[in-house]
Amino acid sequence: MNPVKVGLIGFGRMGGFYLEKMQKSGRWNVAYICDTSAESREYARKMAPEAKIVSDEQAIFDDPEVQVVGLFALADSRKEQIKKAFAAGKHVIAEKPIAESMASEWEMVELAEKVPLFSTVNLYLRNSWYHKTIKDFIHQGEIGDLAIIRVCHMTPGLAPSEGHEYEGPAFHDCGMHYVDIARWYAESEFKSWHAQAVRMWNYKDPWWLQCHGTFENGVVFDITQGHVYGQLAEVQTHNSYVDIIGTKGVARMVHDFKTAVVELHGVSQTHRIVRPYGEKNIDVLCQRFAESLETGVRNRDLPCFRDAAIASEFAWRFLEDARGHELPAIGTLSELDAILERRRTMKNGYGLLHKQG
Ligand SMILES: NC(=O)c1ccc[n+]([C@@H]2O[C@H](COP(=O)([O-])OP(=O)(O)OC[C@H]3O[C@@H](n4cnc5c(N)ncnc54)[C@H](O)[C@@H]3O)[C@@H](O)[C@H]2O)c1
């Protein structure tokens with residue numbers, strides 16, 4: 001097979017990851033990179049000298065040789081780009097969320113399910129080795145009946161007002177991944193929930209939220225997510241895990257962004273597996289997408305637009321639920337200013353965006 005010809009739109013932090021993985025794989029020909037920022041285009045020229053670097057996305061949609069478009073700008077432009085891509089007969093790899101409002105997200109789901117083209121969205125946890133290992137273990141019956149799903153992700157990551165304003169507060173922007181993975185484990189739909197949040201540093205939106213509840217099949221969950229984890233600590237750290245509890249055994253995972261450790265305590269098997277974390281698993285996503293194009297059969301592990309819309313919708317619902325309860329404000333905006341100042345000058349921190357010109 002010839003490499004798949006692709007145009008990337010949006011060359012910030014995520015766009016850079018896709019380029020790197022696509023270049024490494026040998027299965028992709030990155031023919032175009034589009035970004036509205038001159039600084040990002042300059043950077044793209046350096047990183048992809050063979051590609052056409054453009055500021056107008058139309059060049060990509062108009063090129064009949066481009067098979068796939070990668071939509072890695074922000075949520076405010078995604079809907080129009082998805083519409084243009086499908087209209088031009090191109091397959092789509094989209095970042096999440098797939099649009100900037102629920103109505104538009106559902107519109108995009110309907111469209112994607114109508115067109116004879118492949119699409120996927122980067123719900124990256126689904127492409128990870130550690131969640132797949134745990135799910136296989138559950139399916140083997142090793143933990144008995146799945147009963148409790150506990151998910152936690154707290155890092156000193158993207159701070160309020162740094163970027164991603166169209167993606168919503170931390171529990172929507174980042175938290176939708178954890179909402180999605182809980183649903184993926186449960187293999188059922190959310191039924192009931194109660195959420196508690198806090199407006200850290202007196203910011204207008206909650207930046208930490210915990211939600212617990214049930215799925216239709218009776219499985220219970222708790223999800224904790226926050227980018228509020230010791231931003232001003234001398235040495236920063238994070239806490240990220242899943243804890244999956246069945247009627248007979250447990251399976252869990254913890255990672256430090258470099259290495260993931262899966263511990264499986266089943267009725268007949270006990271394992272401790274330590275492997276590289278795998279970052280955003282973009283190599284896996286791109287490989288599954290390229291294979292789908294080659295074989296004409298969509299890889300069923302690829303997350304679809306519907307999965308993304310459901311995760312987005314429930315992340316918003318949990319935020320809305322939290323706003324209906326006590327919503328304390330703790331800390332001051334001057335602490336937030338100190339955090340933003342620290343992140344502006346950091347070279348190696350959690351979720352730092354590329355600086356824009
Ligand atoms: N799946 C994940 O794990 C994950 C992680 C982080 C971010 N994201 C998503 O990826 C997207 C990009 O995030 P990021 O962290 O790379 O942000 P970023 O700010 O680093 O990059 C966005 C880039 O898009 C460019 N851009 C904005 N509007 C544009 C337009 N209309 N046309 C072309 N270029 C445009 C900007 O100039 C910038 O270079 C966001 O929607 C975010 O929600 C997903």
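Please treat every number below as a calculation from the coordinates, not as lab data. None of these values were measured; they are calculated from a predicted model. Cβ atoms come from the backbone with ideal geometry, glycine included; neighbour counts cover every protein chain shown.
Across the stretch 4-117, how large is the tail of the calculated P(r) beyond 21 Å, expressed as a percent of all Cα pairs? Tail fraction, whole percent: 32. In the chain, one over the average inverse separation of all distinct C-alpha pairs is 21.2 Å, which is the Kirkwood hydrodynamic radius.
Report the far tail of the P(r) of the stretch 1-54, meaning the percent of Cα-Cα pairs longer than 13 Å. Looking at the stretch 1-54, the distances longer than 13 Å represent 51 percent of pairs. The P(r) of the stretch 212-329 has a tail past 17 Å containing 75 percent of all C-alpha pairs. Of the peptides 90-103, 292-305, the ranking by mean beta-carbon count within 10 Å, highest at the top, reads 90-103, 292-305. Computed 3J(HN,Hα) for the stretch 78-95, one whole-Hz value per residue from the Karplus formula 6.51 cos²θ - 1.76 cosθ + 1.60 where θ = phi - 60°, is 5, 4, 5, 5, 5, 4, 5, 4, 5, 4, 8, x, 9, 6, 10, 10, 10, 6, glycine and proline marked x.
Based on DSSP H segments of at least four residues, each scored -39500 (n - 2.57), the chain has a per-residue ellipticity at 222 nm of -11000 deg cm²/dmol. Net charge dipole, the stretch 220-270: roughly 180 debye, given to the nearest 20, about the Cα centre with Cβ charges of +1 for Lys and Arg and -1 for Asp and Glu. Each Lys and Arg contributes +1 and each Asp and Glu -1, all at the Cβ; summed about the Cα centre of the chain, the dipole is approximately 820 debye. Note down the net charge around K5, summing +1 for each Lys or Arg and -1 for each Asp or Glu among other residues with Cβ under 14 Å from its Cβ. With Lys, Arg at +1 and Asp, Glu at -1, the neighbours total -2.
From the alpha carbon centroid of the stretch 70-116 to that of the stretch 271-307 is 19 Å.
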